[in-house]
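The values are calculated or read from the model by the stated rules, or taken from the named source; none is laboratory data. Note that this is a predicted model, so its numbers are computed, not measured. With ligands, DNA and RNA removed, areas are computed over all heavy atoms of the protein, side chains included. Shrake-Rupley method; radii C 1.70, N 1.55, O 1.52, S 1.80 Å.
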Amino acid sequence: MERLIMVTHNKGKFKEASKIAGEFGIELEMPSGGEGKFEIQADTLLEVSAYSARYAFDKLKRPLIVDDSGLFIEALKGFPGVYSAYVLPTLGNDGILRLMDGIQNREAYFECCVSYCDSSEIKSFSERIDGKILNMKKGQDGFGFDPIFSAEGFNVTSMAEMALDQKNAISHRGKAFRSFFRWYSEKNRT
Ligand code: IMP
């Protein structure tokens, strides 16, 4: 099976992405030196993931991918968005629910940007999933903000109440990684 490096320490992301990679006959591996993603602060996930991919490639000198994702809440003007990685361990899901207390507009979306880097190019793939912030945490599966997010059409079912394949079928990550792997498979055929 062909192998490709995914630079991450996030086991949830790695598990979801690995399952999709398998659909394309590709096995993902984490860097053997245990390197994690180097994150800059920027205005968009695309800037963060593309920079991280370039940075990691300069160190590892092997083709690789990086996933930068975030939760964007409309009533909070897109917060936590690009700050999601800092907000989860600080405010956490309980803190987000407190910020949303009494707010009627629960619209939100997850976005995932996958960036690929090799010696000749950097290419990024962004996708999103719309949904809403629930009133309470629900479910044990998934990771991160999944317990407080319900995807459009799933009523009050949180993404943490979905099996991995079910989440992958509709999620920001599922869509972004499938776009990437379609492009990557084509690139390797030519
Ligand atoms: P980053 O992409 O590593 O910057 O992660 C941003 C934050 O969003 C982390 O705290 C992740 O746990 C969280 N996150 C990323 N993807 C998802 C997801 O699919 N579901 C729930 N939380 C996520």
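Taking only protein heavy atoms and a 1.4 Å probe, the accessible area of the stretch 2-189 is 50% carbon and sulfur. Derived scalar couplings between HN and Hα for the stretch 76-89 equal 9, 6, x, 5, x, x, 5, 9, 3, 5, 8, 7, 4, x Hz in order, rounded to whole Hz, by the Karplus curve 6.51 cos²θ - 1.76 cosθ + 1.60 (θ = phi - 60°), x for Gly and Pro. Heavy atoms of the protein chains alone define the surface here; on that basis the chain has 50 Å² accessible area per residue at 1.4 Å probe size. Computed over the chain, the P(r) curve from all C-alpha pair distances, binned at 10 Å from the origin, holds 9, 38, 35, 15, 3, 0 percent per bin. Springs join every pair of Cα atoms under 10 Å in this Gaussian network model of the chain, and among Thr44, Thr157, Thr90 the largest mean-square fluctuation is at Thr90.
Checking the table Lys138/Lys175; Lys59/Lys137; Lys61/Lys138; Lys61/Lys132; Lys132/Lys187 against a 30 Å threshold on Cα-Cα, which pairs fail? Correct reply: Lys59/Lys137; Lys61/Lys138; Lys61/Lys132; Lys132/Lys187. For Ile5, nonlocal amide neighbours, meaning residues 5 or more places apart or on other chains whose placed amide H falls under 5 Å from its own, are Glu29, Ile65. Measuring with a 1.4 angstrom probe and ignoring ligands and nucleic acids, Arg128 comes out at about 100 Å² accessible.
Would you list the membrane-span-like helices of the chain, meaning whole DSSP H runs whose alpha-carbon atoms span at least 18 Å along their axis and whose mean Kyte-Doolittle value is at least 0.0? Working shown, then result.
On the way: long enough: 11-23 (19 Å, -1.02); 45-60 (22 Å, 0.26); 172-189 (26 Å, -1.67).
Answer set is 45-60.
Heavy-atom accessible area of Met1 with all protein chains present, probe 1.4 Å, nearest 10 Å²? Approximately 150 Å² for this residue. With 0.36 nm allotted per residue and the present C-alpha distance subtracted, the Ile40-Gln166 stretch has 42.2 nm of extension available.
Each residue of the stretch 154-168 was assigned a 3J(HN,Hα) from its phi angle through the Karplus curve 6.51 cos²θ - 1.76 cosθ + 1.60 (θ = phi - 60°); the sequence is 10, 6, 10, 7, 7, 5, 7, 9, 9, 5, 3, 5, 5, 5, 4 Hz, with glycine and proline shown as x.
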